[in-house]
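What follows is a short report on a single structure.
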Amino acid sequence: PEIDTGIHTMMVMDMSELLSDRLEVRFGAMVHDLGKAVTDPENWPKHHKHEIKGTDVVEAMCDRLRVPNNIRAAGVQASEFHTHVHRAKDLDPKTVVKMFDRLNVKNKPRQLADLLLIAEADARGRTGFENRRYPQADHLRELAKHYLAVNSREIAARYAGDGEAIRDAIRKASVQAIKQALRFDVQIGRNV
């Protein structure tokens, strides 16, 4: 709605300041749309795949500025996944698991929490949207609980050292856990 990505980015940064004092969140808010800068002008005003294109831009900027790894990770993840979070209720279970795996939710749950704040800042960093609820974050937090409930150690014990089989079984169990969570949501009448 702002037409200008720079104005939108400043509004997102302002919103991120209201939501969190974490540098990771503020940096992610600042760089989440950098991929739009490499969109071919012939395609304007659309910015197809700006999320993935933005990861290289963020990486290059972080290299040049020697950005610490935790801050870099937040920026790259914000670029790659902010629209996934916006569309959380439309994602299929495999995509959710892939995103959680890439965010390393099992070992670094803070990365998901930061991403959700960045996406909320993006959604609410628009004129007229400042006070809107952001249910996508709650939805993904709930799915993450089910994802984290998968007992990876128990699965690993069944496959005794076969790394590929272990990864496959954990991924399948995780997808099944997300499917069950989504079915349960539908059965109790929640808006998924």
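What follows is calculated from the coordinates using simple rules that are stated; it is not laboratory data. Bear in mind the structure is a predicted one, so any value in this text is a computation, not a measurement. Cβ sites come from the backbone with ideal geometry, for glycine too, and all protein chains shown count toward neighbours.
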Next item on the list: Measure nothing but the geometry: give the 0 to 90° angle between the long axis through the Cα atoms of 50-65 and the longest principal axis through the Cα atoms of the chain, rounded to 10°.
Entry: 70 degrees
Item checked: At R0 = 41 Å, FRET efficiency that the Cβ-Cβ distance of LYS108 and GLU42 yields, to 0.05 -> 0.55
Check: Taking N as the number of residues in the chain, what is its alpha-carbon radius of gyration divided by 2.2 N^0.38 Å?
Finding: 1.10
Notebook entry, point to check: Any idea what angle helix 69-86 forms with the longest principal axis of the chain, computed on alpha-carbon atoms, 0 to 90 degrees, nearest 10?
Noted result: 90 degrees
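Across every pair of different alpha-carbon atoms, what Kirkwood hydrodynamic radius in Å does the stretch 83-192 reach? Show your work: numbers first, answer last.
Values: mean 1/r = 0.0668 Å⁻¹.
15.0 Å is the Kirkwood radius here.
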Checklist line | Base-10 log of normalised Debye intensity for the stretch 85-129 (one unit scatterer per alpha-carbon) at q = 0.15, 0.20, 0.23, 0.26 Å⁻¹ | finding: -0.43, -0.70, -0.84, -0.96
Item checked: Near-label residues of the stretch 138-172 by backbone N, under 16 Å of a point 7 Å along Cα→Cβ of ARG183 -> 146-147, 172
